[in-house]
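Student: One structure follows; several queries about it will come next.
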Amino acid sequence: MDGVDVLTTADEAASRTGPHRPRPLPPDPRSARLRAAAWVGAFLAPAVALILLLLVVPFLVTAWRSFFDDNGISARFVGLSNYTALFTDPDFGRSLLNTVLWVVGTLVLPVLLGLLLAVLTHSMRWGAVARTAVVIPYALSGSATALLWTFLLKSDGAVNQTLGAVGLGGWQQEWLLHWPLNTFVMIVATTWQATGASLILFLIGLQTIPADTIEAARLDGAQGLQLFLRVIVPQLRPMTVVVVGMSIVNSLKTFDIVWLLTQGGPGTASETLALTMYRQTFTLNRYGYGAAVSVVLTVVVIAASWLYLRQQVRQRSGEGV
């Protein structure tokens, strides 16, 4: 009887527990990473395809075309001859110099003025009115801005007439007819329009600074310029990176304001790289040469952006250490 009871107990236990099942294997980390990568790739694929279609492919086609002597009717392979002619052309040197002037001018003026105006008007009672006056020009198109500044700066324009009316006729100038004066006044015109964008971005950055940080600095005795340089400017660094990066790229491809005010004149004295590319391609029908200028301009923009961002990453890494 004892043996039967033992067998019965064993059978009941087996019926309760069921058949023996092996434990499931732990998930493979490699397959999990592959699945995650596949999902990421699926989400990125449309954006990557769009970039390839609209940016990479046109650049490669332009680079290939720069190896030809192409007038729009016939094309002859000339290798690097377009680049050789480009780098030995004095007009290209002047165009490159003008582009550098635009980069420096649009970094010093719109960015600095936008920062100062954002800080000064941030807590002012009538700051919104002052900011609106600065931002309105940014809403104007390039053609409207050029038309306004042509009215101001032409030989018999408002500036020269005002100078003559107040007895400062000796200060009257042919503002748009002489280089480098015309380049400088066009930078001023761009500053008048572009400062609003910097102002808006820096205001956004100021709103992200904790009020406790400013209050603590004031309790420690920081006031005025010291507060601005040692507390506010470091806190605005992420936004400054964005504003400066945008200014560099926009200044390197400056076209509309120069074309509408001087058309690169007198002669080609005030041309930038973008304007040289346009003139060579669509005015002189030198498509291969214009493609070479376009490739050089693209390389300059990418190199400048990469160097700037790399420097910022290095500085952030050094601070993190």
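The values are calculated or read from the model by the stated rules, or taken from the named source; none is laboratory data. The structure displayed is predicted, hence computed values, not measured ones. We place every Cβ from the backbone using ideal geometry, glycine too, and count neighbours over all the protein chains shown. Ligands, DNA and RNA are stripped out before the accessible areas are found, and what is left, the full protein with its side chains, is counted by its heavy atoms. Shrake-Rupley method; radii C 1.70, N 1.55, O 1.52, S 1.80 Å.
Student: For region 107-169, what is the accessible area per residue in Å², given a 1.4 Å probe and the full set of protein chains? Can you show the working numbers first?
Tutor: Working: 3770 Å² over 63 residues.
Heavy-atom accessible area per residue stands at 60 Å².
Student: Return the FRET efficiency for the residue pair residue 64, residue 124: r is the Cβ-Cβ distance, R0 is 45 Å, and the value is rounded to the nearest 0.05.
Tutor: Working: r = 56 Å, r/R0 = 1.24.
Efficiency, rounded to the nearest 0.05: 0.20.
Student: Residue separation times 0.36 nm, minus the C-alpha to C-alpha distance between residue 312 and residue 207: what's the value? Working shown, then result.
Tutor: Working: separation 105, 0.36 × 105 = 37.80 nm, distance 2.23 nm.
Here the segment from residue 312 to residue 207 would lengthen by 35.6 nm.
Student: Assuming R0 = 35 Å, can you tell me the calculated FRET efficiency for the pair residue 80 and residue 135, based on Cβ-Cβ distance, to the nearest 0.05? Could you put the intermediate results ahead of the total?
Tutor: Details: r = 47 Å, r/R0 = 1.34.
Once rounded, the FRET efficiency stands at 0.15.
Student: Now for a separate question. Give, rounded to the nearest 20 debye, the magnitude of the charge dipole that the chain has about its Cα centre when Lys and Arg contribute +1 at Cβ and Asp and Glu contribute -1 at Cβ.
Tutor: Working: 21 positive and 17 negative charges, 50 e Å.
Magnitude of the dipole: close to 240 debye.
Student: Run the accessible area of region 91-319 with a 1.4 Å probe and give the carbon-and-sulfur part as a rounded percent.
Tutor: Values: 7990 of 12030 Å².
C and S atoms contribute 66 percent here.
Student: Grab the Cα-Cα distance for residue 97 and residue 49, subtract it from 0.36 nm times how many residues apart they are, and report the gain in nm with one decimal. Mind dumping the intermediate values first?
Tutor: Working: separation 48, 0.36 × 48 = 17.28 nm, distance 3.60 nm.
That pair, residue 97 and residue 49, stretches by 13.7 nm at full extension.
Student: Still on this structure, I have one more. If every alpha-carbon in region 255-308 counts as one equal scatterer, what log10 I(q)/I(0) does Debye give at q = 0.27 1/Å?
Tutor: Debye output, listed in q order: -1.00.
Student: Specify which residue in the list 273, 210, 135 is farthest towards the positive end of the charge dipole of the chain, using unit charges on the beta carbon of Lys, Arg (+1) and Asp, Glu (-1), about the Cα centre.
Tutor: Value: 273.
Student: Could you state the angle between the C-alpha long axis of helix 90-106 and the longest principal axis of the C-alpha atoms of the chain, as a value from 0 to 90 degrees rounded to the nearest 10?
Tutor: Its long axis makes an angle of about 70 degrees.
Student: Now a separate question. Name the residue from 219, 53, 170 whose Cα lies farthest towards the positive end of the charge dipole of the chain, charges +1 on Cβ of Lys and Arg and -1 on Cβ of Asp and Glu.
Tutor: Ranked along the dipole, the leading option is 170.
Student: Subtracting the Cα-Cα distance from 0.36 nm times the residue separation, let me have the gained length for residue 165 to residue 184 in nm, one decimal.
Tutor: Working: separation 19, 0.36 × 19 = 6.84 nm, distance 2.40 nm.
Length difference between fully extended and current span is 4.4 nm.
Student: Report the paramagnetic label zone for residue 177: residues of region 258-302 whose backbone N is under 17 Å from a point 7 Å from Cα along the Cα-to-Cβ axis.
Tutor: 261-270
Student: To continue, here is another question. Rounded, prolate or oblate for region 121-217? Axes are the square roots of the Cα gyration tensor eigenvalues, ordered a ≥ b ≥ c, and the cut-off for rounded is a/c under 1.5. All intermediate terms of the calculation are to be shown ahead of the outcome.
Tutor: Values: a/c = 2.86, a/b = 2.38, b/c = 1.20.
Prolate, because a/c is 1.5 or more and a/b exceeds b/c.
Student: With label points built 7 Å along Cα→Cβ from the Cα atoms of residue 56 and residue 35, find their separation and express it in nm.
Tutor: 2.9 nm
Student: Using a 1.4 angstrom probe with every protein chain in place, what is the largest-first accessible-area order of 59, 282?
Tutor: From most accessible down to least: 282, 59.
Student: Now a separate question. What figure in square angstrom, to the nearest 10, would you give for the accessible area of residue 94 with a 1.4 Å probe?
Tutor: The value for residue 94 is about 80 Å².
Student: Where does helix 2-17 land angle-wise versus the long Cα axis of the chain, in degrees 0 to 90, nearest 10?
Tutor: 20 degrees
Student: Please compute one quarter of the surface area of the Cα convex hull for region 91-319 and express it in square nanometres. Mind showing how you got there, number by number?
Tutor: Working: hull surface 62.6 nm².
Its average projected convex-hull area is 15.7 nm².
Student: Hey, what number do you get for the chain at 222 nm if only DSSP H runs of n ≥ 4 count, each worth -39500 (n - 2.57), divided across all residues, to the nearest 500? Walk me through the intermediate numbers first.
Tutor: Working: 16 runs with 214 residues, N = 321.
After summing the helix terms and dividing by residue count, I get -21500 deg cm²/dmol.
Student: Mind checking the angle between helix 142-153 and the chain's longest principal axis? C-alpha axes, 0 to 90 degrees, to the nearest 10.
Tutor: That helix lies at roughly 30 degrees to the long axis.
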